[in-house]
Amino acid sequence: MSADPDEELVRRVGAGDPAAVRTLVARKLPRILSLAVRMLGDAAEAEDVAQETFARIWRHASSWRRGNARFDSWIHRVTLNLCYDRLRRRREWVTDDLPEVADPAPLPDSHPREDAQRVEQALQAIAPRQREAIILVYYQEMSNIEAAATLEISIDALESLLSRGRRALQTILARDGVHD
C-alpha cells in the first residue's frame, strides 16, 4: 500500500484512464475551487484556476512521481501558484478610476451571511502568506504538517503565519464590528 492515497489514481490518469480522470476531478475539484475562491475572492477566476490546475495535472500525471510531498500537497501548491499569477496581474493593471470608499458607519443588525462576507473580505486584506496558511489549515482542513509541506516551509514557520494571520483577522474584524 502506498503512503500517498492518490498515487495509484494519478498513475491511472497518466495512463489515460477516463474513469480515473472523473474520479480525480470529483475528489479534488471542490477543495481546489474553495482554495481558489478564498485566495482570489472571485468565483469566475477561481473556476479558471481550477481548470488550469486540472489541465496541468493531465499534462504531467504520467511523469508525476511521489517525492517529498504527497500529490494533494502538490495540487494545492499548483493552485496557489496559479492564484498568485492572477493576483500579480491584478496589481499590474493600472486604471484612472479610484475605488469606492466603504462607508465606515456601523451596520445595523448583522446577519450570519453578512458576517461571513466580512470574514471573506478580511481574509483578502491580510498578508498573502498568512491567508494561504489560514485557508489551508482552516478551510481546506489540512494538518499543520500537510500545510507546511504544501507551502514548502517548516511547521514553526506555518504556526507563526497562522498566529499572525489570526491576529490580523481579529484586528480587521474588530474594527469592522464582527465578533467571533
Calc'd 3J(HN,Hα), the range 8-18, phi into Karplus 6.51 cos²θ - 1.76 cosθ + 1.60 (θ = phi - 60°), Hz, glycine/Pro = x, comes to 5, 4, 5, 4, 5, 4, x, 7, x, 6, x
Dividing the surface of the Cα convex hull of the range 110-180 by four yields a projected area in nm² of 4.5
With +1 on each Lys and Arg Cβ and -1 on each Asp and Glu Cβ, how big is the dipole of the range 4-79 about its Cα centre, in debye rounded to the nearest 20?
280
Of all the C-alpha pairs in the range 1-92, what % are more than 23 Å from each other?
24
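A short reminder: the numbers here are calculations on the coordinates, not readings from a lab. From a predicted model like this one, the values you see are computed outputs, not experimental measurements. Reconstructed Cβ throughout: ideal geometry from the backbone, glycine too, with neighbour counts over all protein chains shown.
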